[in-house]
Amino acid sequence: MWPDERLLDLLQIEVPIIQAPMAGANGSALAISVSEAGGLGSLPCAMLNEDQMRAEAGVIRQQTANPFSMNFFCHTAVAPTPEQQATWTAQLAPFYTEYGLDPSDIAPASIRRAFDDGMCELIEDIKPKVASFHFGLPEASLLARVKATGARVISSATTVEEARWLEANGCDAIIAQGYEAGGHRGMFLTKDVTAQAGSMALLPQVVDAVKVPVIAAGGIADGRAIAAAFALGAAGVQIGTAYLFTPQSLISDVHRAALHQAKDDQTVLTNVFSGKPARGLINRVIREVGPISDKTPPFPTAGAALAPLKAKAEKAGSGDFTSLWAGQAASLARDMDAGDLTRALAADALKRMKQLAGT
């Protein structure tokens with residue numbers, strides 16, 4: 001049925017649609033719905049502790065026998081210096097004054113742990129069908145242990161060089177993350193976001209450069225984009241923003257409302273929420289501080305200083321200080337159950353591919 005079924009065979013799924021792992025925006029419910037519909041549901045683990053990871057994976061296993069993915073970050077954690085923290089706090093001080101908050105009363109940043117021995121032990125115990133990574137891959141000994149469980153390994157590349165590196169270092173499939181994609185850039189061999197390629201340029205070049213199946217990500221929200229991705233050589237797609245519209249997503253009411261107003265020119269890459277570039281909807285803090293600021297402390301600590309402002313603003317119904325992650329195709333998304341969306345996307349894509357083939 002599909003022009004390239006390598007990803008279906010590799011991951012043992014029915015439709016070549018991967019639900020993007022979106023830390024803080026989805027949990028077990030979304031992963032279950034997508035996996036039950038024949039795609040690959042994903043559990044983002046970067047903001048969970050090990051007990052939470054185990055509990056969420058347990059819920060998924062209880063409600064579907066189909067494959068699912070567990071996703072982890074592979075960044076190098078760097079603590080901010082007192083000077084970096086002070087500079088960032090000073091940058092945000094006028095907002096604190098406006099909201100009557102004390103800039104010296106900032107809680108520690110929310111956890112975004114890099115993949116480590118404890119997480120590896122969890123993978124060895126749970127044995128998910130797929131282990132996916134962002135910001136590269138774990139160090140070699142940990143990756144070898146992951147692969148020894150039988151898990152298929154996938155990770156994101158934002159350049160052809162990154163794709164080649166991932167293949168050479170053991171990836172079973174590679175996500176070609178185009179410039180259009182929402183959320184954090186998976187970049188790990190470069191820091192230059194200004195040189196990033198869009199999906200239509202990146203995807204065929206990655207397909208030509210590697211032998212493993214390639215998964216297209218970025219700007220994909222309907223059957224037309226899926227069909228286009230396959231025409232460019234993809235063996236599957238990864239979709240994030242479209243799943244944020246589903247009732248299974250965990251986003252806030254202000255984030256959901258902002259998504260419904262999204263247009264093609266209302267997202268930017270910004271580092272003000274975490275310290276790393278990520279695509280989201282433009283709001284007040286991005287307009288007045290960013291989108292890219294040289295004053296943010298290292299990833300993922302920038303968000304700590306924004307947290308009190310976010311809480312205060314959201315209580316008043318405002319997303320002025322919220323990370324409203326979204327890709328450039330948000331306006332194409334629909335309010336649908338996640339399982340129904342997965343099935344509808346697959347059916348529409350197949351219909352369009354048959355029409356293009358004249359069958």
Check your understanding: Applying the selection to segment 228-243, what residues are over 13 Å from Val15 (Cβ atoms), assigned to a helix (DSSP H, G or I) and open to solvent by 10 Å² or more (accessible area, probe 1.4 Å)?
Key -> Ala228, Ala231, Thr241
Point to revise | Every residue from segment 177-215 that is in contact with a helix residue (DSSP H, G or I) (Cβ under 6 Å, 6 or more places away or on another chain), open to solvent by less than 20 Å² (accessible area, probe 1.4 Å) and closer than 22 Å to Asn271 by Cβ | key: Gly178
Review point. Which of the residues spanning segment 88-132 are in contact with a Lys or Arg (Cβ under 8 Å, 6 or more places away or on another chain) and among the aromatic types (Phe, Trp, Tyr)?
Key: Trp88, Tyr99
Point to revise | Residue among Arg224, Arg287, Arg256 that alone is surrounded by fewer than 18 Cβ atoms within 10 Å (Cβ to Cβ), closer than 24 Å to Trp88 by Cα, charged (D, E, K, R) and at pLDDT 95 or above | key: Arg287
Revision key, fill the gap. Given the conditions (1) closer than 24 Å to Ala77 by Cα; (2) among the charged types (D, E, K, R); (3) touching a Pro at 6+ places or on another chain (Cβ under 9 Å), every one holds for Asp172 apart from (1)
Study note, to complete from the structure: Among Val272, Val268, the single one that is of a type in the set (A, V, I, L, M) and open to solvent by less than 20 Å² (accessible area, probe 1.4 Å) is Val272
Practice item. Would you please list the contacts, defined by Cβ atoms under 8 Å and residues six or more apart or on different chains, that run from a residue in segment 57-83 that is free of Cβ contacts under 8 Å to residues at least 24 places away in the same chain to a residue that is outside any loop (DSSP other than H, G, I, E, B) and open to solvent by 60 Å² or more (accessible area, probe 1.4 Å)? Key: none
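Table: residues versus (1) more than 25 Å from Leu48 (Cα to Cα); (2) of a type outside the set (A, V, I, L, M); (3) not in a loop (DSSP other than H, G, I, E, B).
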| residue | (1), (2), (3) |
| --- | --- |
| Glu124 | no, yes, yes |
| Ala131 | no, no, yes |
| Pro138 | no, yes, no |
| Ser141 | no, yes, yes |
| Arg145 | no, yes, yes |
| Ser155 | no, yes, yes |
| Glu167 | yes, yes, yes |
| Cys171 | no, yes, no |
| Glu180 | yes, yes, no |
Practice item. For segment 121-129, indicate whether the set of residues that are under 27 Å from Ala168 (Cβ atoms), among the hydrophobic types (A, V, I, L, M, F, W, C) and touching a Ser or Thr at 6+ places or on another chain (Cβ under 8 Å) is non-empty. Key: yes
Practice item. Please list, ordered by first then second residue, the pairs with beta carbon atoms under 8 Å, 6 or more apart or interchain, first in segment 24-36 and part of a loop (DSSP other than H, G, I, E, B), second modelled with pLDDT under 95. Key: Gly24/Met47
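The values are calculated or read from the model by the stated rules, or taken from the named source; none is laboratory data. In this text the structure is predicted, and so the values were computed from the model without any measurement. Neighbour counts are summed over all protein chains in view; Cβ atoms, including those assigned to glycine, are modelled from backbone coordinates with ideal geometry. Remember, those area values only see protein heavy atoms, side chains included, never the ligands or the DNA or RNA. Shrake-Rupley method; radii C 1.70, N 1.55, O 1.52, S 1.80 Å.
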